[in-house]
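One structure below.
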Amino acid sequence: MTVAPALLELRNLTCERDERILFARLNARFYEGQAVQILGPNGSGKTTLLRILAGVSRDYNGEIFLDGKSVIDQAWEFANDLLYLGHLPGVKKSLTPLENLRWYAALQGSVEDEQLLLALAEVNLAGYEDTPCYQLSAGQLRRVALARLVFSNAKIWILDEPFTALDKSGIAQLENRLIAHAEAGGLVLVTSHQDIRFPQLQILNLQDFAENSTVGGLVRG
Amino acid sequence: MAKSPSLFTATFRRDLLLAFRHKGEMINPLVFFLIAISMIPLGVGPDKEVLMRIAPGILWVMALLATLLSLDNLFRSDFDDGTLEQLLISPHPLYLSMLAKVLAYWIATGLPLTLLSPLLGGMLSLPSGAFIALCSSLLIGTAAMSLIGAVGAALTVGLRKGGLLISLIVMPLYVPILIFGASAVADAAQGNPFTMQLAVLGAILIMALLLAPLATAGALRVSVNG
């Protein structure tokens, strides 16, 4: 046993969908300052794993620990520590980017309007504050969702395919943001089919935990 | 600078804003209410006595159907764009966020329906003495129906074609509201007191206020899980 409890620990996590085991006996420990890329072919359960970790789905066997304590006993702390960006961007198309972020600000606690404007400028959406989101491109919609990372104070970032639809400069910006978050003591869990440029990226390959596989642990990349 | 409002206020404001940006969806039930009621005298005939006798029932049934018509939209767009799962994993009490959503929904559908009803009551030669009963019973009734309907909408939001299923789930629960609402208006039309019916409707509303948001939150968790 390690002395310091892992920020996030998965014990014997098993998930079954339609009588097909997606992954079984998944054991992993994630520490502060880590960035982990979750790999696996299509349909291997990457999104499902992230949804379970984010608390969206409760369809699993096994246990999840936050700071050494079960997340079930501290659901509120866990929800407070967490930022989840799912497959769906979570952006309302008939609202403007600013109105979208205002709702997220309320979700998080208290963030001032200037900070939200700053966040939008940070993701290169300055000037689009009052444009309805249905007029934005797919990449810009993704940027609206990613603007949440700028003013977030969550420790654990769970991002499902955050690079989708982003252009090259957007990808580089996001990579830098993830690096900065990890360096500041946060934890980044990300799925992506492309290679992420990251100094100490760690890989969790879901294929290692597919049915009949007994290998365990986090493979250092 | 002003701090961000609480999630209740923010959700309430956002949903109202959305309702007013989608005016078509908001006006749909009202137009249905208007058209359906104005068809009745054409179908039944202009006999004042007959119209007056069926007016309370017709008004209430149509108001109920109009509410049912828009119910499917309550969580649909939130589910499709991913804001629903964000709401579910937030550290805030879901009871309040659900209440905020239903309140905004009721202001956009139930309230205009109530305000429109005296006009349509006049069209069915409902005596003006019954207008107060009509408005107050619809005011309480549509609020209770929105709260109860939210549970049905939450249960079916994960299904692509949930429209008919909502009706099947929710209709039986609407029956007592319909009976007491229509009977309040009918009693008022004959000049009798109607406070008993309003009291029962009020009791139903309070029960719905206490329980429905919790049931809605639970149902949404199930729907999002699948």
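The values are calculated or read from the model by the stated rules, or taken from the named source; none is laboratory data. A quick note: this is a predicted structure, and the numbers were derived from the prediction, not measured. Glycine also receives a Cβ, built like all others from the backbone with ideal geometry; neighbour counts cover every protein chain displayed.
Data table
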{"quantity": "Hits in segment A:124-157 - residues which are touching a residue at least 60 places away in the same chain (Cβ under 8 Å) and hydrophobic (A, V, I, L, M, F, W, C)", "calculated": "A:A145, A:L146, A:L149, A:A154, A:I156, A:W157"}
{"quantity": "Residue that is farthest from B:H92 (Cα to Cα), among those in segment A:45-75 that are in contact with a Cys (Cβ under 9 Å, 6 or more places away or on another chain) and surrounded by 15 or more Cβ atoms within 10 Å (Cβ to Cβ)", "calculated": "A:G45"}
{"quantity": "Number of the condition not met by B:G202 [criteria: (1) part of a helix (DSSP H, G or I); (2) more than 23 Å from B:P112 (Cα to Cα)]", "calculated": "(2)"}
{"quantity": "Options B:A55, B:A100, B:A66; residue that is of a type outside the set (D, E, K, R), within 14 Å of chain A (Cβ to nearest Cβ) and crowded, with 21+ Cβ neighbours inside 10 Å", "calculated": "B:A100"}
{"quantity": "Members of segment A:50-95 that are touching a Ser or Thr at 6+ places or on another chain (Cβ under 6 Å), under 30 Å from A:R143 (Cβ atoms) and among the polar types (S, T, N, Q)", "calculated": "none"}
{"quantity": "Tabulated pairs, segment A:96-123, first facing chain B (nearest Cβ under 10 Å) and of a type in the set (S, T, N, Q), second assigned to a helix (DSSP H, G or I) and surrounded by fewer than 22 Cβ atoms within 10 Å (Cβ to Cβ), C-beta under 6 angstrom, 6+ apart or interchain", "calculated": "A:Q115/A:F151"}
{"quantity": "Residue check, A:L82 over 20 Å from B:P91 (Cα atoms), surrounded by 20 or more Cβ atoms within 10 Å (Cβ to Cβ) and facing chain B (nearest Cβ under 8 Å)", "calculated": "no"}
{"quantity": "So B:S117, is it buried (at least 22 other Cβ atoms within 10 Å of the Cβ), of a type outside the set (D, E) and touching a Cys at 6+ places or on another chain (Cβ under 9 Å)", "calculated": "yes"}
{"quantity": "Which listed residue, of B:G82, B:G24, B:G45, is over 16 Å from the mean Cα position of the chain (by Cα) and away from every other protein chain (no Cβ under 14 Å)", "calculated": "B:G45"}
{"quantity": "Subset of segment A:1-49 [touching a residue at least 24 places away in the same chain (Cβ under 8 Å) and at positive phi]", "calculated": "A:N12, A:R25, A:G33, A:G40, A:G45"}
{"quantity": "Flag for B:V50 being at pLDDT 95 or above, over 23 Å from A:A54 (Cβ atoms) and assigned to a helix (DSSP H, G or I)", "calculated": "no"}
